[in-house]
Amino acid sequence: MPIDFNQETKEFHLHNEFLSCLIKVLDDGSIGQVYCGAPLMPSRSYPFLSLLASHASFRRDRTLIPFEYPSGARGDYRVCAFAVQEADGSMAMDPVYHSHVIYEGKPLIPRLPSLYAEQDYEAQTLELKLFDAVSGLSLILYYTIYAGAPVIARHSRFINAGEKPLVLRKAMSLSLDLPDDNWQLMSVTGAWAHEFQLIEERISAGFQGIRSNRGNSGHQQNPFLILKRPFTSEFLGEALGVSLLYSGNFAIAVENYRSPRVQIGINDETFSWKLEEGASFDTPEALLVYTKSGGINGISQAFHAVYQEKLVRKTWRHKERPVLLNNWEGTYFNFTEEKLLAMASVAKELGIELFVLDDGWFGQRDSDDSSLGDWFVDTRKLPSGIAGLAKKITAMGLQFGLWIEPEMISRKSRLFETHPDWAVGVPGRSRTEQRNQYVLDMSRQEIVDYMVTVIANLISSAPISYIKWDMNRSITEPFSIALPPDRQGEFFHRYILGVYELYDRLTTLFPDVLFESCAGGGGRFDAGMLAFAPQAWLSDNTDALERLRIQSVASLVYPQSSWGSHVSAVPNHQTGRSTSLNFRAMVAFFGNLGFELDPTTLSPEEKKQVAACIEFYKAHRKTFQYGQFFRLSVANPSLYAAWQVSSEEETLVGFYKLLAQANCPPVRLRLTNLNGSYLYDVSIWEQGGFEAQDKTFNCGSRGGDELMSGGLLLDTTSVTKQGDFFGEIFIIKR
Ligand code: DGJ
């Protein structure tokens, strides 16, 4: 049993072969957090671990055990996990143990994305019920541990079983006290076209944190945090990660007075929730993953596996994703049906499978200053409509996909003329425009219903097999005219619940349509979105060099099947950099490959190259999209990068030289996850511009032990490799 309850010591032990978490009902009825880390033997009691004290808590029972889910009202003095205000204004609630149940399987969270368990044996769940007799608040703490995975899922449910309304001021999803502060934090920051910039810092004294208050998870931050020991590397050492299955305003807090507390959940700065009598509130789900010795790659693989297997919609979780052509960088707003058909026809010749029509097909949208909300075709550009165009494209043997931005409304639009009050804003105050657009108030049911009808009609009107769902601005002037004053604090959460409902209804109506989420690139690239849209546009930055870093850092938490990676034209539109077609392709292979250029402008030689790239990708697509992904260690990360993906059939390795240096030594690239006693056949992708010497050094039969301990030998100074941005792909088969 992965969850044991010791009746005598009142200890709950959640455990599997990867981790243990111990929680204890204390004498005063409060819940103590005893331990979370490497696996401990089940069926034992751990009284001495309870002495691992938090330095900053004072408890009535004089023990020093940290609170499992601290209220802040009772002498904890550190950042609290929840705060509930009673009708008299007080916030001193003290729910204590009431009862618990342990059962097989895992419940879903109403209206929110959550991990699933299809079979009972996959997971076990503990519901720990606390009760506050004065107010009548019931608080249920949910814990699910998966069999065979180093993952615990956590969330809380607040139920007002009293007779007076309550107000939730704060409701985090997970609170974790660590026994020492010898950890380093890994998180990301960024901006548009500059997402996933890694930050590594020590836990310092006091307060550190990340949060979004923009309505979406953000380009600037991402809802996860990895903690690693100072000596932990990509492949070795202890680490743990927390992430939130949520796409709205989130917060991660680390507070440290010698023993740190880590929390993740909704950002309370922009949140409150009125709980009428009988009402309940569920927090989003948080995940905790842990590795004792597997390093950062170990944490990444735990996240990848659980998102891939227990979060992504079942229809799509193992389905190979099509190679697409998106017209955005090829034409921007300036296209005609004739132009699109010409592009599609070349795309088909090259082996592309899906043609995606991006922004600009509706209303009078010749630039980004109008028409969002007017989801009817612009017949000036597309005289035979979306249906006519889609039919012509599908008749070529391609699938057809379409861009929409359902949460938005332009001031210059028929929708705004009809429903000016549908845009988020405060009556009597001006609204801020960003990218010339406002945000629709998705907290309102009638707007969600309207959008379901509009988009469902659109998808049904034509053979559409893919939707790119964009969202190009964050929220300002947060306010809903549909909410009373004492519920305005609910706006942001209700907004994202509305978005989730829209996604849920549409993906249920069209289970076979592939939805790709996007928010000006990676502005809402999070696990919440992954539950509905199995892939997302990671960044508007399509420069291969920048993508190497963006994809590497995104892979800390997100599997490569979750991101679109496109080959675009050079000089690159975001950086002005030119790299070879092969190099661009070798980076884009690791993910869901697409092209974002005008293929009619390619020379015959380039067309041949693109076709060869696509053929190669298709032959190895399953591994590129779903293989286990590893960031390989390289001697000098400012000069080199390397990725490995491994499936049952094969291992593929991408090695990238970023910047050339004169007379630099050959590089040994050590592989991983092979079987030391097997022999492997190593070859190099012929199109990749490889250096003959590398073929001699590496190709042929090699032992798994040799490849992992000695590694591939890459001669980075030889003639063809003199120059920046050089890549090679190795294919390794047993
Ligand atoms: C932002 C997206 O990230 C781009 O790929 C493109 O779809 C534009 N929006 C269109 O407006």
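For residue 333 and residue 683, what is the calculated FRET efficiency with R₀ set at 41 Å and r taken between the beta-carbons, to the nearest 0.05?
The computed FRET efficiency comes out at 0.40.
Just to check I understand the Karplus step: with θ = phi - 60° and J = 6.51 cos²θ - 1.76 cosθ + 1.60, what whole-Hz values come out for region 212-224, glycine and proline as x?
10, 10, 9, x, 10, 4, x, 6, 7, 7, 9, x, 8
For region 88-141 and region 684-703, what is the separation of their C-alpha centers, rounded to whole Å?
Each part reduced to its Cα centre gives a spacing of 56 Å.
Find how much the distance from residue 121 to residue 191 grows on full extension, using 0.36 nm per residue of separation minus their present alpha carbon separation; answer in nm with one decimal.
That pair, residue 121 and residue 191, stretches by 21.0 nm at full extension.
Would you mind estimating how fast the chain diffuses translationally, via Stokes-Einstein at 4 °C and 1.567 mPa s with the Kirkwood radius over Cα pairs, in µm²/s?
Stokes-Einstein gives a translational diffusion coefficient of 48 µm²/s.
Sticking with the crude label model, points 7 Å out along Cα→Cβ, report the distance from residue 198 to residue 456 in nm, one decimal please.
Between residue 198 and residue 456, the simple spin-label model gives 4.6 nm.
Equivalent-ellipsoid semi-axes (√(5λ), Cα gyration tensor) for region 3-313, whole Å, largest first?
The answer is 27, 23, 20 Å, longest axis first.
Output the peptides 277-285, 296-304 sorted from most to least packed, where packing is the average of other Cβ atoms within 10 Å over each peptide's residues.
The peptides rank, most packed first, as 296-304, 277-285.
Between residue 236 and residue 376, 0.36 nm times their residue separation minus their Cα-Cα distance comes to what?
Full-extension gain reported as 44.9 nm.
Could you let me know the centre-to-centre spacing of region 410-457 and region 606-637, using Cα atoms, in angstrom?
That distance is 41 Å.
In terms of modelled amide H atoms, which long-range or inter-chain residues lie less than 5 Å from the amide H of residue 566?
Here 594 satisfy the definition.
When the Cα centres of region 250-292 and region 521-593 are compared, how far apart do they sit, in Å?
Answer, in whole Å: 30.
Which value results for Rg/Rh of region 315-627 when Rg is the Cα radius of gyration and Rh the Kirkwood radius based on the inverse mean 1/r?
Dividing the radius of gyration by the Kirkwood radius yields 0.97.
How do 429, 214 rank when sorted from fewest to most other Cβ atoms within 10 Å of their own Cβ?
Fewest-to-most Cβ neighbours within 10 Å comes out as 429, 214.
Determine ³J(HN,Hα), in whole Hz, for all residues of region 551-557 in sequence, where each value follows from phi through the Karplus function 6.51 cos²θ - 1.76 cosθ + 1.60 and θ = phi - 60°; x replaces Gly and Pro.
5, 4, 6, 4, 5, 3, 10
Listing 183, 469 from the residue with the fewest other Cβ atoms within 10 Å to the one with the most, what is the order?
183, 469
Quick one: 3J(HN,Hα) in Hz for region 175-184, Karplus 6.51/-1.76/1.60 with θ = phi - 60°, rounded, Gly and Pro as x.
10, 9, 9, 9, x, 8, 10, 8, 10, 10
Within 10 Å, count the other beta carbons around each residue, average over each peptide in 8-17, 378-387, and list them highest first.
Highest-to-lowest ranking by the protection proxy: 8-17, 378-387.
Considering amide H positions built from the backbone, and no H for Pro or chain starts, which residues 5 or more places from residue 250, or on another chain, come under 5 Å of its amide H?
212, 267
Loop-only check: which trypsin sites (Lys or Arg not before Pro) in region 524-605 are DSSP coil with at most 16 other Cβ within 10 angstrom?
Here the trypsin sites (Lys or Arg not before Pro) that fit, given the DSSP loop and packing criteria, are 577.
In what order do 645, 448 fall by count of nearby beta-carbon atoms within 10 Å, going from fewest to most?
Lowest to highest Cβ neighbour count: 448, 645.
In nm, give the distance between the simple-model label positions of residue 661 and residue 367, each being 7 Å from the Cα along the Cα-to-Cβ direction.
4.7
Multiply the residue gap between residue 434 and residue 6 by 0.36 nm, knock off their C-alpha separation, and tell me the result in nm, one decimal place.
So the chain would gain 148.4 nm between residue 434 and residue 6.
Just to verify a number: FRET efficiency for residue 505 and residue 279, C-beta to C-beta distance, R0 = 35 Å, to 0.05?
0.90
Show me 611-622, 216-227 ranked by packing, highest mean number of other Cβ atoms within 10 Å first.
216-227, 611-622
Given H placed on each backbone N at 1.01 Å, which residues far from residue 727 in sequence or on other chains put an amide H within less than 5 Å of it?
Sorted by chain and number, the residues that satisfy this are 657.
Using a basic spin-label model with each label point 7 Å from the Cα along Cα→Cβ, how many nm lie between residue 318 and residue 615?
With each label placed 7 Å out from Cα toward Cβ, I get 2.9 nm.
Can you work out the FRET efficiency for the pair residue 180 and residue 384, with r the C-beta to C-beta distance and R0 = 56 Å, to the nearest 0.05?
0.25
For a paramagnetic label modelled at 7 Å from the Cα of residue 487 toward its Cβ, which residues of region 145-166 fall within the zone defined by backbone nitrogen distances under 19 Å?
158-166
Every number in this text was worked out from the coordinates using simple rules, so none of it is lab data. Keep in mind that what you see is a predicted model, and the values were worked out from it rather than measured. Heads up, the Cβs are rebuilt from the backbone with ideal geometry, glycines too, and the neighbour counts pull from every protein chain shown.
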